[in-house]
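The structure appears right after this line, and notes come after that.
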Amino acid sequence: MEPHDTFEGSPWGAEPTEDWNDPAYWANQYRELLAEADPWERDQTIDGDVSLLVWMLTEAGELPLSSPQTLLDAGCGIALIPHLLTFWGFQVTAIDLCPQAIEIGSHHQPTEVAICTYPVYYQIPRPRPGQPPGGPVAYRVGDWLTADLPSFGVICCRNSLRCSTKPNWRRSLLRFHDLLVPGGVLLLETQNAIGIQGEVEDLLDECGFTRLVVGVERDPSARYRIDFWPTG
């Protein structure tokens, strides 16, 4: 591996690992999680950090009303967030390498009443009256790098690259750029990716993304990004 292909910082305070790209690693993690006697940690993972996601969407301004309202949840895990996104009006494709993640996630089918009970602390545009929601989540087992996927208006990657090696970050960001329609937006959450913020922002620039700034007129030919570093 060339020197420029290693991070100077350390994602998650540890050495980058290929384990995060191994479905067997995650299958074991989910088995342990679902067997957890204390439901708090299990529920935290399944419910996901809804307030963080809504913050990102709010920062993106008119994102929920953009066209097309198709969204790829890259590395969806077992969170309920894809179902929330459909309720907010997106047509969601949720992809994960781990078959157990897709099996668990797709079996969680919350009702609209249940979804409305989730705490949303930020004002977010809702579908217009009479406008149908995004419909059921299209769950898929696969690798976003190689899967046959259409173009999307939005790609959401929630922490799925946190402990990956730098070449995998680069390949993934280039792939996301290719999958976005002109004017589309990448929502990249990098929670607890300690010490690599500058390097990843350089990668985003290298891969052709433009930082999305609320209130600034968009170039319809650009691919935008909003990256969020809660503790990076």
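Quick note: the coordinates plus some simple rules give every number you see, no bench work behind them. Everything numeric in this text was worked out from a predicted model, so none of it was measured. Backbone-built Cβ (ideal geometry, glycine too); neighbour counts: all protein chains shown.
Neighbour counts of other C-beta atoms within 10 Å: give me D19, D227 arranged from fewest to most.
Sorted ascending by nearby Cβ count, the order is D19, D227.
Within 9 Å, Cβ to Cβ, of K166, how many net charges do the neighbouring residues add up to if Lys/Arg are +1 and Asp/Glu are -1?
Neighbour charge sum, excluding K166 itself: -1.
Test of understanding: ordering W88, W229 by Cβ neighbours within 10 Å, fewest first, what list do you get?
With the fewest neighbours first, W88, W229 line up as W229, W88.
Label points 7 Å out from Cα along the Cβ direction at R31 and D148: separation in nm?
3.2 nm
Summing +1 for each Lys or Arg and -1 for each Asp or Glu, what net charge is found among the other residues whose Cβ lies under 10 Å from the Cβ of G183?
That sum, taken over residues with Cβ under 10 Å, equals +1.
Within a 10 angstrom radius of the beta carbon, how do L84, L72 rank from fewest other beta carbons to most?
Result, fewest neighbours first: L84, L72.
Where does the charge balance sit around D202 when Lys and Arg score +1, Asp and Glu -1, over other residues with C-beta under 12 Å from its C-beta?
Around D202, the charge tally is -4.
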